[in-house]
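Trainee: Dumping the structure here so I can ask a few things about it.
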Amino acid sequence: MSSRWVSTSTLPSTPTGACSVIANKQQRRRPSASTSHLHMTFEVSSSPAIADSEQPSKITSITATTEQLIDSILDECLRYSARRPIMRQFDPASRFIWRQWRGTVVAETWKSAAKHAIWAVAVFFLFQKYPRCTVGVLDGFHRVWGELLAVTTFTLTFFVNESYNCWRNCLSICYNLQGRMNDFSMALAGCAKRVEPSETCDPNAVETTSKFTPAARKILMIISRYIRVFNILSYASFTRSHRPLLTPQGMRRMVNRGLLTEKEHSILINSRVSATARHNEVLMWMFRTAMDARNSGHFDGGFGFEQNTLLRVQEIRAQGNYMECILQGRMPVGYINFVQVLVDTISWMYPIMAFSSGQSLQMGVVGVVVLTFSYQGLFDLAKRFLDPFRNDFRNAHDPIRVDTLIAETNAGSRRWMFGLEEMPIPLKVIQDGGTDLDFFNLPDEGYTVEEAAQKTKAEEMENAAAMSLSQIPAIADEIKFEDEQQVLEEEFEETQAIMSAPPGYTFVPGLDDVEAEDECTMSDTDESLQPCEEEKDNDEGDQPPSQVFDQFLETATEEYEEAIREEG
C-alpha cells in the first residue's frame, strides 16, 4: 500500500532529510530517470504488516485541509460573475461614512493614539514633579516643533500622493491587462471561420444566421481557457492569496478541476521557466494556437491578422511585466524610513511642546490623539496604498479583490465568442447587395410613436386573423394566456435586476450570475467549466490573503514532517 503526500518548497524550518529536496530542485524542471522519494511528491510505502487501520488519521485530515484550501481558491477562480465589486463601495451620505469602522484610519491607528496619550500623561506628571525643566531648558521648543511640523506635513502629503499613485497604477494595470486580453479574444472571434445558411433559406427569417464552424468554435474555446489559465497564474504570481496554486499541490489540483490537461501540466512543471513565471508560457500557447489556427484555415485574415495578434500578445506581456516592476519597486526604503522618523518625532515631541507652553492635561491628551490620527493615520493609509493586494499587511482591509478581477476576465474570455455566436446578416445577403439588405436598413431616426402604434395594430390584426383561421380550442387559449403571463413575469424580474445593477458592472447580479452557474456544468466543448459554489457575500467573512498563505504553508509543513517520519 502506498499513499501520496505533498510538501512545499519554502518551509519555516527544514527537518532532517530536506536536503534531498533542495538538491533535487533542478530535477523538478529536468526530470531524470531516477528520482528521490523526497522529491516534492512523497511516496510513503508501508510494509504488509502495517494495516490500513494503523495509518495515522492526522495525515489524512491534513491532506484534506490542504486540498480544501486550494479548492476554496479555485472555486472563486472558476466563477464567471464576481460576487463583490473590485473594492468596497461607499455611500456618499455622511451618516454612512461616520458609521464605518473596518478599514478606517481610526480603526488602524487607535492603538498608536492610546500609546501617545499615555506618553502625554507621563510627560505632564514629569513636568509637574520637575517644574524647572520647563524654565530655560525648553524655551523656544515650540518654534522648533512648529518648523518640524511644517516639514512633516509637506513630506507626508507628497508621500501619500505618491503611494496613492502606486495603488492607482496597479488597479489600472489590472484593467489594462484585462482589456488587452479582451482585445485578443474579440479579434479572434471576429476572424473565426463561419458556416453560412443555405441559399434557399429566407434571409429575413430569425433562424437564418451564420455560425462558427465546429473546428473554429473549439479553437476559440481552447484559447479562452488559456486566457483564464494565464490570468489565474499571473495573479498567483502577483499575490499571496493565490500563491498556493503555483505549488505542486496547486498545479495538480488545477488538472483535477479541469483548468489544465495532464500534458499541459507536465509541460509547465518540467519547463525551465520559473514557477512564478509560468503564465508567460501559457501566453505563448495562446499566441501559437492562434497562429496555427490561421495557417490551418480556421481563421480568416492575412498579414494584418498576424501583425495584430502579435501586437495584442506583446501588449499583454508588457502589462504583466509592468505589474511585476511596480510590485518590486514600490518605494525606496530610505524615503519611507525618513517619513516614519518625521511622523514619530512630531507625535512623541508634541506633549513636550504642549506642556512646556502651559497647556492643560486635557488639551494635551486631546491634541496628541488628534495629531496621531491625522499624521500616523495618513502614514498608515499611505503604506496600505503601497500594498494594493494585501500581501504584506496581515489585518489590512479594503484591498483590490483579485477574485473579482479573475471572474471578470473569465467572463470576457467567452463574451466576444458568444456575442458573435450568430450573425444576423448572412454573407450571401451582403455579397448580393440586393433588396434583402432593405430588411436591415431601418430609418435613421427610428419610427414615430404613431408609426409604431400602426405597426403594432397591424401585427395584432394579422395574429387575430391567423387565430380565427386555425380555430384553436378554448383550452389552447388558456395555455397561451398562462404562457404570456409567465413571459410577463420573467420580463418584470429581468427588468428589476437590470435596473438594480450597480453602475459600471459588466454583469447583472441575480441574472447573469445564475446563468453562469448553469453554464459551469457545460461539458460539450470546454471541460474547464466546472460547477461553481455560491458563498455568502459578506465582507466580514473575508479571509486575509496572508492568512490563507500562512495556513497553507503551515499545513504543507506538517505534511512534509509526517512524510519524513514515515520514511524514517
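Trainee: Of Thr261, Thr239, which has the most accessible area with a 1.4 Å probe, and how do the rest follow in descending order? Don't skip to the answer; put the middle values down first.
Mentor: Working: Thr261 55, Thr239 0 Å².
Most to least solvent-accessible, the answer reads Thr261, Thr239.
Trainee: Sorting His298, His142, His279 by accessible area (1.4 Å probe), largest first, what list results? It would help to have the intermediate numbers written out before the result.
Mentor: Values: His298 55, His142 90, His279 5 Å².
So the residues, ranked largest to smallest area, are His142, His298, His279.
Trainee: While we're on this one: Pop a pseudo-label 7 angstrom from the Cα along the beta-carbon direction at both Ile425 and Asp139 and give the gap in nm to one decimal.
Mentor: Each label point lies 7 Å from its Cα, and together they span 9.1 nm.
Trainee: Something else now. Just need the relative contact order of region 243-318 here, percent rounded to a whole number, with Cα pairs under 8 Å and 6+ apart.
Mentor: Value for region 243-318: 20 percent.
Trainee: Only loop residues by DSSP count here, and only those with at most 12 other Cβ atoms within 10 Å; note down the trypsin sites (Lys or Arg not before Pro) in region 206-305 that meet that.
Mentor: Those satisfying the criteria are Arg272.
Trainee: Could you please report the charge total around Ala236, scoring K, R as +1 and D, E as -1 over all other residues with beta-carbon less than 11 angstrom from its beta-carbon? Numbers along the way, then the final one.
Mentor: Values: positive: Arg240, Arg243, Arg278; negative: none.
Here the count lands on +3.
Trainee: How large is the dipole of region 384-463 about the Cα centre if only Lys and Arg carry +1 and Asp and Glu carry -1, each at its Cβ, rounded to the nearest 20 debye?
Mentor: 820 debye
Trainee: Report the trypsin sites (Lys or Arg not before Pro) located in region 369-466 that are in a DSSP loop and have at most 15 other Cβ atoms inside 10 Å of their Cβ, or state none. Write down the numbers at each step before the final one.
Mentor: Working: sites: Lys383, Arg384, Arg390, Arg394, Arg401, Arg414, Arg415, Lys428, Lys455, Lys457; in loops: Arg390, Arg394, Arg401.
When the trypsin sites (Lys or Arg not before Pro) of region 369-466 are filtered for loop state and at most 15 Cβ neighbours within 10 Å, Arg394 remain.
Trainee: Let me ask you something else. In whole Å, what is the distance between the alpha-carbon centres of region 378-438 and region 443-466?
Mentor: 38 Å
Trainee: May I pose another question? Projecting each Cα onto the charge dipole of region 371-437 (Lys/Arg +1, Asp/Glu -1 at the beta carbon, about the Cα centre), which of Gly377, Pro424, Asn410 comes out farthest on the positive side?
Mentor: It is Gly377, whose Cα lies furthest towards the positive end.
Trainee: Further question on the same structure: Run the numbers on region 199-347 and let me know its relative contact order in percent, using alpha-carbon pairs under 8 Å that are six or more apart.
Mentor: Values: 75 pairs, mean separation 34.4, N = 149.
Reported relative contact order: 23 percent.
Trainee: Of Arg143, Arg243, which has the most accessible area and how do the rest follow, probe 1.4 Å?
Mentor: Arg143, Arg243
Trainee: Could you tell me the distance between the Cα centroids of region 136-195 and region 64-98, to the nearest Å?
Mentor: What the calculation gives is 22 Å, centre to centre.
The values are calculated or read from the model by the stated rules, or taken from the named source; none is laboratory data. As the structure is a computational prediction, the values presented were derived from the model and not from experiment. Don't worry about glycine lacking a Cβ; one is built from the backbone with ideal geometry, like all the others, and counts go over all protein chains shown. With ligands, DNA and RNA removed, areas are computed over all heavy atoms of the protein, side chains included. Shrake-Rupley method; radii C 1.70, N 1.55, O 1.52, S 1.80 Å.
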